[in-house]
Every structure is written in structure tokens, then in C-alpha cells.
Amino acid sequence: MHIDTKNLLNSIMESFDRISYVKSSDIPNIDLYMDQVTTFMDKNFRKTTRYPGDDKVMTKTMINNYAKNDLLPPPVRKKYSREHILVLIFIYYYKGILSISDIQTLLGPITEKFFHKEEAFDIQSVYEEVFQVGYDQIEALKQHVIAEYDCAMGTFEDAPEENREFLKLFSFICFLSFDVYMKKQLIEKLIDEIKADGFRTGPKDENKK
């Protein structure tokens with residue numbers, strides 16, 4: 001078995017360089033019907049799927065289920081606003097790692113407090129803040145991945161030569177997986193705190209125990 005791990009890492013780094021996020025200004029400022037929503041999501045996220053030729057980005061059934069499970073505010077006269085699209089983008093990123101219940105807990109206070117609000121600070125403001133800051137962290141993420149790769153390449157030096165490359169790659173996957181596992185544990189604990197707090201987004205009511 002021959003695996004060119006160095007070329008594999010370079011390919012990963014190049015894919016990081018191609019990462020971008022959908023700016024709120026890229027979303028049509030008109031209400032969209034369901035078919036237009038799925039087309040927009042497909043156009044902007046198809047390249048992020050594992051198997052772009054086969055994987056579904058977001059189907060009508062998915063979107064209907066999100067609304068049914070209170071992850072997404074219901075459409076108005078079967079039309080979805082820019083704010084709906086922003087919520088769907090959050091859901092798209094969450095759904096691979098979080099349960100429907102956890103996504104509902106996380107987005108509940110956001111849609112309750114900032115969805116279709118007249119104030120200057122709205123869900124678009126929330127979206128732009130977190131995605132811009134997150135996008136700015138890509139370089140730090142690349143350096144972290146490179147460090148884990150270097151660590152993995154130092155393992156299994158005494159393993160049989162014919163298995164050494166695979167075992168080093170296995171180490172790399174294990175290190176990345178452990179990183180994801182620990183972060184998922186942290187995310188779930190933070191969501192549990194939100195749930196325990198009763199969806200409060202403003203100052204706590206000191207009279208409530």
C-alpha cells in the first residue's frame with residue numbers, strides 16, 4: 001500500500017484556501033419560493049459536499065422538516081426571506097455534527113430575538129459577525145492541522161515498512177477525530193447550558209429561581 005500523505009496534506013491545505021462563506025449580500029433581497037431556495041443552497045454549497053455528483057445539499061423535505069421541528073420559522077405565503085436563508089445556512093453547517101434537538105436549542109434564542117426584527121442589530125448582523133470571524137480563523141486552523149500531521153508522521157517508526165505509511169495516516173485520522181470528538185463534547189455541554197437557561201437571551205430575571 002502506497003499513500004502519498006504529503007501530497008494529501010497539500011491538497012487539504014489548498015482546499016482550505018478555497019474556502020469562503022456566503023455573505024448576506026450574496027443572498028437575493030427578495031422572497032424566494034421553495035424551488036428557488038433549494039437551487040440557491042445547491043449552487044453555493046454543492047462543492048462542499050463529500051460527493052458533489054450525488055449528495056443532496058438541502059431538499060424540500062429537509063426544509064419542511066426544519067420548519068415542522070421549529071428550527072426554521074415558517075415561510076410567509078410559501079415564500080422564504082433572506083433571513084430564512086441565513087438560518088438555513090446555519091442549519092446546513094450544524095446538521096453534520098448536532099442533533100435536531102441541539103440545533104433547535106441553539107437557534108431558538110437566535111430566531112426568537114433577531115429574526116425579522118426592525119432593530120439595526122438583526123439576524124443578518126449575527127450571521128456576518130460569526131462567519132467573518134470564523135473565516136478569519138482558517139489560517140490558524142491550517143497551522144493546527146499541519147502540527148497534527150507532523151505529529152502523526154512521527155509515529156510508528158518501528159512498524160513493519162509495508163504498513164508504516166498506512167499506520168501514519170491512521171494516526172493522522174485519529175488525531176483529527178479526537179480533536180473533533182473533544183470539540184463536539186464541548187459544543188454539547190454549551191448547548192446544555194443554553195437549554196438549562198431556558199432560552200434566555202437578555203438579562204436574567206433575578207426573581208426566578
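The values are calculated or read from the model by the stated rules, or taken from the named source; none is laboratory data. What you see is a predicted model, and the numbers here were worked out from it, not measured in a lab. Positions of Cβ are generated from backbone atoms using ideal geometry, with glycine treated the same way; all protein chains shown enter the neighbour counts. Please note that ligands, DNA and RNA were not included when accessible areas were found on the heavy atoms of the full protein model with its side chains. Shrake-Rupley method; radii C 1.70, N 1.55, O 1.52, S 1.80 Å.
Directionally averaged projected area (segment 1-119, Cα convex hull): 9.7 nm². Surface analysis of segment 26-71 yields an accessible area of 67 Å² per residue, using protein heavy atoms and a 1.4 Å probe.
Here the Karplus relation 6.51 cos²θ - 1.76 cosθ + 1.60, evaluated at θ = phi - 60°, turns the backbone of segment 48-62 into coupling constants of 8, 6, 5, 10, x, x, 10, 5, 8, 6, 7, 9, 4, 4, 4 Hz, with x for every Gly and Pro. Keeping the other protein chains in place, figure out the carbon and sulfur percent of the accessible area of the chain, with a 1.4 Å probe. Looking at the chain in its full context, I get 55 percent from C and S.
Here the alpha carbons of segment 76-126 define both size measures, Rg and Dmax, at 11.5, 32 Å. Amide H contacts for F156 (H built 1.01 Å from N in the peptide plane; partners 5 or more residues away or on another chain; cut-off under 5 Å): none found. Rounded to the nearest 10 degrees, the inclination of helix 100-114 to the longest alpha-carbon principal axis of the chain is 50 degrees. Kirkwood's formula applied to the C-alpha pairs of the chain gives a hydrodynamic radius of 19.9 angstrom. Close amide H contacts of F115 (hydrogens built in the peptide plane, cut-off under 5 Å, sequence separation of 5 or more or a different chain): none are found. Applying the Karplus relation 6.51 cos²θ - 1.76 cosθ + 1.60 with θ = phi - 60° to segment 23-37 yields 3J(HN,Hα) values of 6, 4, 5, 7, 8, x, 8, 10, 6, 10, 7, 3, 4, 5, 5 Hz, where x marks Gly and Pro.
Averaged over its residues, segment 76-208 has an accessible area of 64 Å² per residue, based on protein heavy atoms and a 1.4 Å probe.
Note on segment 90-201: the C-alpha convex hull projects to 9.1 nm² when averaged across all orientations.
Considering only alpha-carbon pairs that sit under 8 angstrom and 6 or more positions apart, the relative contact order computed for the chain is 24 percent. Taking Cα centre as origin and charging only the Cβ of basic (Lys, Arg, +1) and acidic (Asp, Glu, -1) residues, the dipole magnitude of segment 104-196 rounds to 280 debye.
For the chain, the longest principal axis of the alpha carbon atoms and the long axis of helix 161-196 meet at an angle near 20°.
For Y33, the residues whose modelled amide H falls within less than 5 Å of its own, excluding neighbours fewer than 5 places apart on the same chain, are Y80.
If you place +1 on the Cβ of every Lys and Arg, -1 on the Cβ of every Asp and Glu, and leave all else neutral, what size is the dipole of segment 6-78 about its Cα centre, to the nearest 20 Debye?
80
Taking θ as phi - 60° and the Karplus parameters 6.51, -1.76 and 1.60, the scalar couplings of segment 4-19 work out to 7, 5, 5, 5, 4, 5, 4, 5, 5, 4, 5, 5, 4, 5, 8, 5 Hz in sequence order, x denoting glycine and proline.
The calculated 222 nm mean residue ellipticity attributable to helices in the chain amounts to -20500 deg cm²/dmol, summing -39500 (n - 2.57) over DSSP H runs of n ≥ 4 and dividing by all residues.
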